[in-house]
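The numbers here are math on the coordinates, done by the rules we state, and not lab data. Keep in mind it's a predicted model, so treat the numbers as computed, not measured. A quick note on method: Cβ atoms are made from the backbone with ideal geometry, for glycine too, and the neighbour counts reach across all protein chains shown.
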């Protein structure tokens, strides 16, 4: 597809510039580099499925970039307490940092969903069908309650409960979706349909590779300070830190379902099964 070639062009230009230019440069190149990857992924999804996030609804595709900004700023807010990552390189005023960071953060949700849809196109046969989630009527409230408790633990004792940063939001948002009758990952698991979850896991690990790989020789860049597990680094990230990407992917999907349900948008836009 034509937009796939545009994406490849952006990558071909921005990737070497991001690594080879002297001085701070990533704050200007991060967005076009990731937009390039998103367009390439979307083109591959279109070729395999006959439709994609961009082709199904260009306006909603653009909306994913807007949703992504407050979504990731929420995790940045939690990180102010946890201090698991920080940014080095460059000197910006608070307003400059907010604008440049928001532009970069806008790519998170589209990238994860595009990669996940691509992975879903390879999961032709149902998997783990015998593993069906048995759901109690109070599950939604229970998830919200546990999510709030774990969030409190995270904020009170961040040194020991920092992994909950990636779990608490998922429990709260998915619990709300289930209670409100919105589209929910829980409903898939009740049917023994694990492919959406596996697609999200695979998709976010694709993104994780490129996030960490491209970041390693970037400037400015992010670096990590993870208590107890700060060893066996793959790029800047400790190896065990990659596990946090898995619940994060589910939170991305759940957040999109929440907004979709609250806005009463049709529920067929995001398609995490190979048949669409």
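Helical runs assigned H by DSSP (4 residues or longer) give the chain a calculated mean residue ellipticity at 222 nm of -21000 deg cm²/dmol, each run adding -39500 (n - 2.57) before division by the residue total.
Averaging Cα coordinates gives a centre for region 1-80 and one for region 200-234; these two points are 17 Å apart.
The Rg/Rh ratio for region 120-276 is 1.00, where Rg is the radius of gyration of the alpha carbons and Rh is the Kirkwood radius.
Find how much the distance from residue 262 to residue 157 grows on full extension, using 0.36 nm per residue of separation minus their present alpha carbon separation; answer in nm with one decimal.
On the way: separation 105, 0.36 × 105 = 37.80 nm, distance 3.29 nm.
Working it through step by step, the gained length comes to 34.5 nm.
Between 259, 108, 204, the Gaussian network model of the chain with springs among Cα atoms under 10 angstrom shows the greatest mean-square fluctuation at 259.
Stretching residue 124 away from residue 148 to a fully extended chain increases their span by 5.0 nm, per 0.36 nm per residue minus the current alpha-carbon distance. Annotation: the residues 25, 191, sorted from fewest to most other C-beta atoms within 10 Å of their own C-beta, follow the order 191, 25.
Between 96, 212, 193, where does the largest GNM mean-square fluctuation fall for the chain, given springs only between Cα atoms within less than 10 Å? Per the Cα network of the chain with a 10 Å cutoff, 96 tops the list. Between 147, 241, 175, the Gaussian network model of the chain with springs among Cα atoms under 10 angstrom shows the greatest mean-square fluctuation at 241.
Using R0 = 51 Å, the C-beta based FRET efficiency linking residue 13 and residue 134 works out to 0.50. When you restrict to C-alpha pairs under 8 Å that are six or more residues apart and normalise by the size of region 2-262, the relative contact order lands at 24 percent. Label separation (residue 3 vs residue 205): 2.8 nm, computed from points 7 Å beyond Cα along the C-beta direction. Computed on region 1-156, with alpha-carbon pairs under 8 angstrom and 6+ residues apart, the relative contact order is 27 percent.
Averaging over all projection directions, find the projected area of the Cα convex hull of the chain and quote it in nm² with one decimal place.
Details: hull surface 59.9 nm².
Averaged projected area of the chain's Cα convex hull equals 15.0 nm².
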